[in-house]
Structures are given as C-alpha cells and as structure tokens.
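Peer 1: The structure under discussion is supplied below as structure tokens; questions concerning it will follow.
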Amino acid sequence: MRFEEIGVFDVVHKHLAWPWVAINVSRTRFAFASSENEISTRVLDGARIEHGPTFRLPQGLVLPGKPAPAAGHRGAEAGIHGFSLSSELLAVTGVVEGKSVLVTLDPQGEQRRSRVDELTGGDFTAHALAFDRSGARLWISAENGTQTALMLVDARTHALVGVVESEPFPPPSFHELHVHPQDDAVLLLAACGQDGTFARVVGFTDGPPVAIPTALDQGAESAGFVGFSSDGARVHMVESDALRTHAWPGLYTLSTVNLADGFSSSYSGVVLGHRILIDGTDTETGDSDLVMHFDPTALRGVQLKPPAPSGMWVGRLGADAIVTVESKGDPARGRVIRLPAPEN
C-alpha cells in the first residue's frame, strides 16, 4: 500500500473520551489538545499541513482529570467532554462545578458560555457536539439517564433552534456525531459496549429539528462509522468481521460483506472518493497495521499488501488523507497520512 506522511503532531488526551481529534465538516482542518488547557489546530493547504490558531481553554474547562464511570450515566466528571471546530470558532462542552456547559471560543478567548440545562429545560449532560454544514449552528448530543437529547443551537448566540428527545441508550454510552455531507441532518452513533451500537438521525429544514426513525434506533451489532458514500445515499459501518452498508436516512441494511479470513476490524475506516478502506488487525499474529479495500459498491473487497498506516484512525482529511493517533503514550503521536489512489 502506498502512503505518504505529510504531518505529525502530539495529542495530550488524559481521560478525554475518544475521538481525541476533531476534524471540521469541510475536512480541511482539525483540532486537538496540545496541553491540558490548550486546543491547537492544523490546516490542510494543498499537500501540506500548516499550523492554525491555538485556543486557550477557559477556567474550569480543561482535560478531565479522571476517567468517565465504567457503568451508569456519564456526567459527573469535571472537564471537557468534547469539542468541534468550524472555520472561525471552537466549540467545547464539558462540566464546570457540576453543571454541563457549552462554550464557544475564537482565538482571542471565550466568546459565549451557556448551561446545557438552561438551554434544554432539563438536567442533561452534553457528550458530543458538531458544527452543521454551514458552521452557523451546533448539533449537541446529551443524556440524563432517562432520556437522550439531540439539540440544535445557534453557534454564536446559543439560541435554541430545537431539541429532539428520545429513549436513553444502555449505559455507558459513548456518543459520536456525523454531519451528513448534503442534507441538513446529523447521525448520532452511540457505542454501548456489549449492548451494541445505537443510532439516532435528526434533520431540519426551515423549522426546528425533527427525528427520523431508523432501523438502528433500538440498536444492532457493535459497529464503527466508516463514512457516507460519495453521493450521501448510503452509510458504511464496519463490525468486527463484516462491512455493512445502510440506506440513508432510514439506516436499513442494503448489504453485508464479510471481511477477509483472519482480518478483524478496528471498528474504523474511511471513504476516500470511490474507495472504502477498513482498518484492522490479524487475528493470528496480532499485527495491527492491516487494511482492506472495497470498491464503491461495498460488495468487493481485498486485503492490501503491507505496509499500512499505524495508529488508530480518526477520519478523513481532504480528498485522500487520513488522521491517525497512536494508541499508547500521553502525549500520543498523531499523523496525517496521504493515501493516493493506486496507479493503473
């Protein structure tokens, strides 16, 4: 497999939940904690990685000093729980003095702070957030032990556009938000350990956001997000031993293809144009640097010859690059790696 390392950086993560790196919606820049109280950014400029602005976290919002509870509703741990980046702002959610807060910053400092319970009218703790496609609004995923909430707020004023409440996930649940590339909608995936992976889809047009029922609302096999197809009509997710493709937005199964013999996925991958790449390990040797390649149909796949990029895959950057982070070390070494298409 051909690849080219075009950038390196060090990620300080302490007890921050994965992912430790936030990539913006346009896939042109990313953010990561470079110290306990600073978020640094990098910008993709052609085939180079340049330094972007650094955001200093406000008082009370630093990397968490203790891990999230192993079971039950997550919410008591102080510090940041997640962050997201737009072209101008950094948004951070976390717990300060026992209350979940949303803070937006520009490079000069804190721009606005709101308590999540005052936004929703309920005692919710936010766990993940993502700017929408325009960068003008923020999706926020939260829970309170009895309900899950997906809310949409104005990024600068924090005015609530709307909130969609639904059944709680089996604890402990770890949230990831994936903004659809064409629709004004978001996919929430919640990893719930042995209970599997659950989903919520919420969209909006000219009014408040509304829930879109899906086949994964009540959970399914544990799986990780790979990516949306290039036309946005499908969602690719990888289980330990299979690539499963779901229709958007209902998430019913379109196809399921087994991975290669002896190949176990790392529950991660990327869609690079017409290529679907799955990160994995060798079940016999324990080699963790294996990659499978699927064509656009997600029906035909082959294991690629080594070498392969090392580390945990965060996601796509630009048209043909990925961000990875080593699983060991704090700080951990991050890399930006170009995966050019094979030559004919």
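The values are calculated or read from the model by the stated rules, or taken from the named source; none is laboratory data. Just so it is clear, the structure is predicted and the values come from calculations on it, not from any experiment. For neighbour counting, all protein chains shown are included, and Cβ atoms are generated from backbone atoms with ideal geometry for every residue, glycine included. Areas reflect the complete protein model, heavy atoms only, side chains present, ligands, DNA and RNA absent. Shrake-Rupley method; radii C 1.70, N 1.55, O 1.52, S 1.80 Å.
Peer 1: Considering only residues that are at pLDDT 95 or above, open to solvent by 50 Å² or more (accessible area, probe 1.4 Å) and not acidic (D, E), look in the range 213-231 and name the one that is farthest from G269 (Cα to Cα).
Peer 2: P213
Peer 1: A follow-up question, please. Would you pick out the residues in the range 279-329 that are out of contact with any Ser or Thr (no Cβ under 9 Å at 6 or more places or on another chain) and within 19 Å of A22 (Cβ to Cβ)?
Peer 2: Those that are out of contact with any Ser or Thr (no Cβ under 9 Å at 6 or more places or on another chain) and within 19 Å of A22 (Cβ to Cβ): R316, A321, I322, V323, V325.
Here's the yes/no breakdown for (1) more than 16 Å from P19 (Cβ to Cβ); (2) surrounded by 23 or more Cβ atoms within 10 Å (Cβ to Cβ); (3) aliphatic (A, V, I, L, M):
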| residue | (1), (2), (3) |
| --- | --- |
| G135 | yes, no, no |
| G145 | yes, no, no |
| M151 | yes, yes, yes |
| H158 | yes, no, no |
| E167 | yes, no, no |
| P171 | yes, no, no |
| H175 | no, yes, no |
| D183 | yes, no, no |
| G196 | yes, no, no |
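Peer 1: Could you go through the range 17-25 and let me know if any residue there is over 18 Å from the mean Cα position of the chain (by Cα) and either exposed (fewer than 15 other Cβ atoms within 10 Å of the Cβ) or not acidic (D, E) (or both). Steps first, please.
Peer 2: So in the range 17-25, the residues over 18 Å from the mean Cα position of the chain (by Cα) come out as none.
Scanning the range 17-25, I find no residue that is over 18 Å from the mean Cα position of the chain (by Cα) and either exposed (fewer than 15 other Cβ atoms within 10 Å of the Cβ) or not acidic (D, E) (or both), so the answer is no.
Peer 1: Taking the range 115-133, which residues are within 12 Å of G94 (Cα to Cα) and crowded, with 17+ Cβ neighbours inside 10 Å? Walk me through how you get there before you give the answer.
Peer 2: Here is the first cut: in the range 115-133, the residues within 12 Å of G94 (Cα to Cα) are 115-116, 124-129.
Of everything in the range 115-133, those that are within 12 Å of G94 (Cα to Cα) and crowded, with 17+ Cβ neighbours inside 10 Å turn out to be V116, F124, T125, A126, H127, A128, L129.
Peer 1: Can you find even one residue in the range 233-249 that is in a loop (DSSP other than H, G, I, E, B), farther than 24 Å from L152 by Cα and open to solvent by 50 Å² or more (accessible area, probe 1.4 Å)?
Peer 2: First pass over the range 233-249, keeping only residues in a loop (DSSP other than H, G, I, E, B): 233, 239-241, 248-249.
With the extra rule that they be farther than 24 Å from L152 by Cα, the set shrinks to 239-241.
After this cut, where a residue has to be open to solvent by 50 Å² or more (accessible area, probe 1.4 Å) as well, the list is 241.
Yes.
Peer 1: Of all residues in the range 294-316, how many are more than 23 Å from the chain's Cα centre (by Cα) and open to solvent by less than 40 Å² (accessible area, probe 1.4 Å)?
Peer 2: Filtering the range 294-316 for residues more than 23 Å from the chain's Cα centre (by Cα) gives 295, 297, 299-307.
Right, trim to open to solvent by less than 40 Å² (accessible area, probe 1.4 Å) and you get 295, 301.
Total meeting the criteria: 2.
Peer 1: Sticking with this one: When D45 is evaluated against the numbered criteria (1) closer than 26 Å to F169 by Cβ; (2) open to solvent by 60 Å² or more (accessible area, probe 1.4 Å), which criterion, by number, is the only one it fails?
Peer 2: Of (1) closer than 26 Å to F169 by Cβ; (2) open to solvent by 60 Å² or more (accessible area, probe 1.4 Å), only one is false for D45: (1).
Peer 1: Can you find a residue that is over 16 Å from I39 (Cβ atoms), out of contact with any strand residue (DSSP E or B) (no Cβ under 7 Å at 6 or more places or on another chain), open to solvent by 60 Å² or more (accessible area, probe 1.4 Å) and β-branched (V, I, T) anywhere in the range 92-100?
Peer 2: no
Peer 1: Restricting to the range 26-60, give me the number of residues that are under 20 Å from the mean Cα position of the chain (by Cα), of a type in the set (S, T, N, Q) and within 22 Å of K328 (Cβ to Cβ).
Peer 2: Residues meeting the conditions: 2.
Peer 1: Continuing with the same structure: Out of G219, G207, G203, G224, which single residue is closer than 21 Å to L272 by Cβ and in contact (Cβ under 8 Å) with a residue 40 or more places away in the chain?
Peer 2: Numbers: G219 fails: closer than 21 Å to L272 by Cβ; G207 fails: closer than 21 Å to L272 by Cβ; G203 fails: closer than 21 Å to L272 by Cβ.
Result of the check over G219, G207, G203, G224: G224.
Peer 1: Just checking, which of E97, E77 is over 29 Å from D195 (Cβ atoms) and in contact with a Gly (Cβ under 9 Å, 6 or more places away or on another chain)?
Peer 2: On the way: E77 fails: over 29 Å from D195 (Cβ atoms).
Just one listed residue meets the conditions, E97.
Peer 1: Ok, one more. Which of the residues that make up the range 101-114 are at pLDDT below 95, surrounded by 13 or more Cβ atoms within 10 Å (Cβ to Cβ) and of a type outside the set (D, E)?
Peer 2: Listed by number, the residues that qualify are P107, Q111.
Peer 1: Can you spot a residue in the range 12-19 that is touching a Lys or Arg at 6+ places or on another chain (Cβ under 7 Å) and closer than 26 Å to L152 by Cα?
Peer 2: To start, the set of residues in the range 12-19 that are touching a Lys or Arg at 6+ places or on another chain (Cβ under 7 Å) comprises 15.
Still in the running and closer than 26 Å to L152 by Cα: none.
Checked against the condition, which is being touching a Lys or Arg at 6+ places or on another chain (Cβ under 7 Å) and closer than 26 Å to L152 by Cα, the range 12-19 yields no hits at all.
Peer 1: Turning to a different aspect of this structure: Quick one: what pairs do we get from the range 171-184, first residue closer than 17 Å to L138 by Cβ and among the aliphatic types (A, V, I, L, M), second in a loop (DSSP other than H, G, I, E, B) and open to solvent by less than 30 Å² (accessible area, probe 1.4 Å), C-beta under 8 Å, 6+ apart or different chains?
Peer 2: Listed by first residue and then by second, the contacts come to V179/D132.
Peer 1: Follow-up question, since we're still on this one. Residues of the range 309-332 being of a type in the set (G, A, S), more than 12 Å from F30 (Cα to Cα) and in contact (Cβ under 8 Å) with a residue 40 or more places away in the chain, which ones?
Peer 2: First pass over the range 309-332, keeping only residues of a type in the set (G, A, S): 310-311, 315, 318-319, 321, 327, 329, 332.
When the remaining residues are screened for being more than 12 Å from F30 (Cα to Cα), the result is 310-311, 319, 321, 327, 329, 332.
A319, A321, A332 - these are the residues of the range 309-332 that are of a type in the set (G, A, S), more than 12 Å from F30 (Cα to Cα) and in contact (Cβ under 8 Å) with a residue 40 or more places away in the chain.
Peer 1: Related question: Pairs under 9 Å by beta carbon, first residue more than 30 Å from D282 (Cβ to Cβ) and in contact (Cβ under 8 Å) with a residue 60 or more places away in the chain in the range 231-250, partner of a type in the set (K, R) and open to solvent by 10 Å² or more (accessible area, probe 1.4 Å), six or more apart or different chains?
Peer 2: From residues that are more than 30 Å from D282 (Cβ to Cβ) and in contact (Cβ under 8 Å) with a residue 60 or more places away in the chain, the pairs are W248/R234.
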